[in-house]
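I have placed the structure first, in the form of structure tokens, so that the comments after it can refer back to it.
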Amino acid sequence: MPEKLYNELVILEFDKLKHLYFVTTPDEETKRAYGVTSILGVLNKPALMFWSANMAAKYVEDNLMPCKALDEIEIKNLAEGAKNAHKIKKQFGADVGTLAHDWIEKYIKGKNPKPLTHEMAKRACESFLSWVDERKPQFILSEKKIYSRKHNYAGTLDFTCVIDGILYLGDLKTSNAFYPEMMFQVSAYKEARQEEFPEEHYGGRLI
């Protein structure tokens, strides 16, 4: 559904299937806006190379039986499985992340979501609730589209909140580690948000 920004001067649309943003302004025809996550995709991520290699090695370790000879087809299947192990693991992680993200979004919006049964997604949500219980944030926005007219990039921020009187902008992650691009992402969201609402003063960013 199109979203109007900048006092309704900008119309931002998101194609969910293609994961593309399109923007229309009064003085221009509709054009593509670059997604923040797509821009950050060009960064060198050496950790991913080692992770994918480890996924391949683990697949071989789990599927190669000691002292068992393999025929030509079995060798081919083993090699194919090892080659694609990281893709399967990545998709699994994405599915878990989506499940947890959707639950937390509903929670922030006060929709009282039903408890999850998937163990990993459930643990992610429990971690979030532990943080809420500890820091007691007052949530302001959830799943809000942002757009920078200056730099022509767009995205969707997960939430803003106030903690101890300080305004924060946050993004939800279910990965096992922090990476620099995560902070770049919320920084880009903050800059676009303040471009549209210069009166907003953020005291920090949250992951």
Output ordering of 95-104, 126-135 (per-residue mean of other Cβ within 10 Å, highest first) is 95-104, 126-135
Of every hundred units of 1.4 Å-probe accessible area on region 1-118, the number belonging to carbon and sulfur atoms, as a percent, is 59 percent
Charge dipole of the chain built from unit charges on the beta carbon (Lys, Arg +1; Asp, Glu -1), centred at mean Cα; most positive-end Cα among I73, I166, Y153 is I73
Rounded to the nearest 0.05, FRET efficiency between E72 and E191 (Cβ-Cβ, R0 41 Å) equals 0.15
Answer in debye to the nearest 20: the dipole magnitude of region 1-96 about its Cα centre, from +1 Lys/Arg and -1 Asp/Glu charges placed on Cβ, is 320 debye
Burial-style ranking of 110-119, 9-18, average other-beta-carbon count within 10 Å with highest first, yields 9-18, 110-119
So the FRET efficiency between A94 and A53, C-beta based with R0 = 25 Å and rounded to 0.05, is 0.80
For the chain, the Debye formula with one identical point scatterer on each Cα and no solvent gives log10 I(q)/I(0) at q = 0.10 Å⁻¹ as -0.57
Across 10 Å bins beginning at 0, the whole-percent shares of Cα-Cα pair distances in region 76-180 come to 12, 36, 31, 15, 6, 1
Note to self: with every protein chain in place and a 1.4 Å probe, the chain gives an accessible area per residue in Å² of 66 Å²
E105 and L172 label points (each 7 Å along its Cα→Cβ direction) are spaced in nm at 0.8 nm
Relative to the chain, whose Cα atoms define the longest principal axis, helix 180-196 and its Cα axis are tilted in degrees, nearest 10, by 20 degrees
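The values are calculated or read from the model by the stated rules, or taken from the named source; none is laboratory data. A quick note: this is a predicted structure, and the numbers were derived from the prediction, not measured. All Cβ positions, even for glycine, are placed from backbone atoms using ideal geometry, and neighbour counts span all protein chains on display. Surface areas here come from the heavy atoms of the whole protein model, side chains and all, with no ligands, DNA or RNA. Shrake-Rupley method; radii C 1.70, N 1.55, O 1.52, S 1.80 Å.
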